[in-house]
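The values are calculated or read from the model by the stated rules, or taken from the named source; none is laboratory data. Remember, it's a predicted structure, so these values are computed and weren't measured experimentally. A quick note on method: Cβ atoms are made from the backbone with ideal geometry, for glycine too, and the neighbour counts reach across all protein chains shown. The accessibility values were calculated without ligands, DNA or RNA, using every heavy atom of the protein model including side chains. Shrake-Rupley method; radii C 1.70, N 1.55, O 1.52, S 1.80 Å.
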Amino acid sequence: MSFRLAAYALCVTDGRVLLARHESPRGGTTWSLPGGGVEHAEDPFDAVIREVAEETGYDAVVERLLGVDSRVIPAAEAWSGREHQNIGIFYQVRITGGVLRPEPAGAVVESVWTPIPAVAQLRRSALVDVGLALARTRPATGHVPPVPAGGLIEH
């Protein structure tokens with residue numbers, strides 16, 4: 001089984017959420033939250049700020065920890081073809097500066113402020129729904145029920 005620890009940024013302003021559009025090397029695009037893998041010996045708190053800057057061009061500050069999502073993706077559904085566990089740490093962030101732009105030489109081809117009701121119509125990572133649910137419900141446990149993949153929602 002492969003494993004990934006990642007940090008994700010949920011930034012909501014005026015009823016819009018910041019989403020990043022990833023292009024897959026296999027073709028197709030998926031919307032997700034800005035964020036990604038925590039590097040060796042890196043604090044997830046620092047990783048989320050780094051990832052926002054790399055993927056969007058924005059400077060951000062963490063306002064609060066929202067929660068943690070752990071999901072196991074079956075081999076038949078994983079991009080790698082083998083079972084994969086992703087542990088995502090979700091933070092509420094606020095943009096403090098910078099200029100919105102695509103990720104230089106990266107997988108994020110654009111980032112867009114999207115009205116929250118429009119998210120349901122997008123092909124997106126389940127991470128978007130997890131982050132929005134954590135922000136909406138603010139569970140004391142920092143955990144929300146799993147978001148199943150299917151239809152417009154991908155792992």
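Scan segment 109-125 for residues that are open to solvent by 20 Å² or more (accessible area, probe 1.4 Å) and either β-branched (V, I, T) or in a helix (DSSP H, G or I) (or both) and jot them down.
Matches in segment 109-125: V109, V112, I116, P117, A118, A120, Q121.
Out of everything in segment 61-103 that is assigned to a strand (DSSP E or B) and among the polar types (S, T, N, Q), what residue ends up being nearest to A133 (Cα to Cα)?
Per the stated criteria, the residue is Q92.
Which strands (runs of 3 or more DSSP E) sit wholly inside segment 1-52 and have at least 1 residues that are open to solvent by less than 20 Å² (accessible area, probe 1.4 Å), farther than 14 Å from V112 by Cα and of a type outside the set (K, R)?
Output list reads 2-10, 35-37.
Please enumerate the residues belonging to segment 14-60 that are aliphatic (A, V, I, L, M) and under 17 Å from G131 (Cβ atoms).
Of everything in segment 14-60, those that are aliphatic (A, V, I, L, M) and under 17 Å from G131 (Cβ atoms) turn out to be V17, L18, L19, A20, L33, V38, A47, V48, I49, V52, A60.
Among the residues of segment 126-137, is any in a loop (DSSP other than H, G, I, E, B) and either out of contact with any Asp or Glu (no Cβ under 7 Å at 6 or more places or on another chain) or over 18 Å from T29 (Cβ atoms) (or both)?
No, because not a single residue in segment 126-137 is in a loop (DSSP other than H, G, I, E, B) and either out of contact with any Asp or Glu (no Cβ under 7 Å at 6 or more places or on another chain) or over 18 Å from T29 (Cβ atoms) (or both).
Can you tell me which residue within segment 134-155, out of those that are touching a residue at least 40 places away in the same chain (Cβ under 8 Å) and on the phi > 0 side of the Ramachandran plot, is most open to solvent (accessible area, probe 1.4 Å)?
R138
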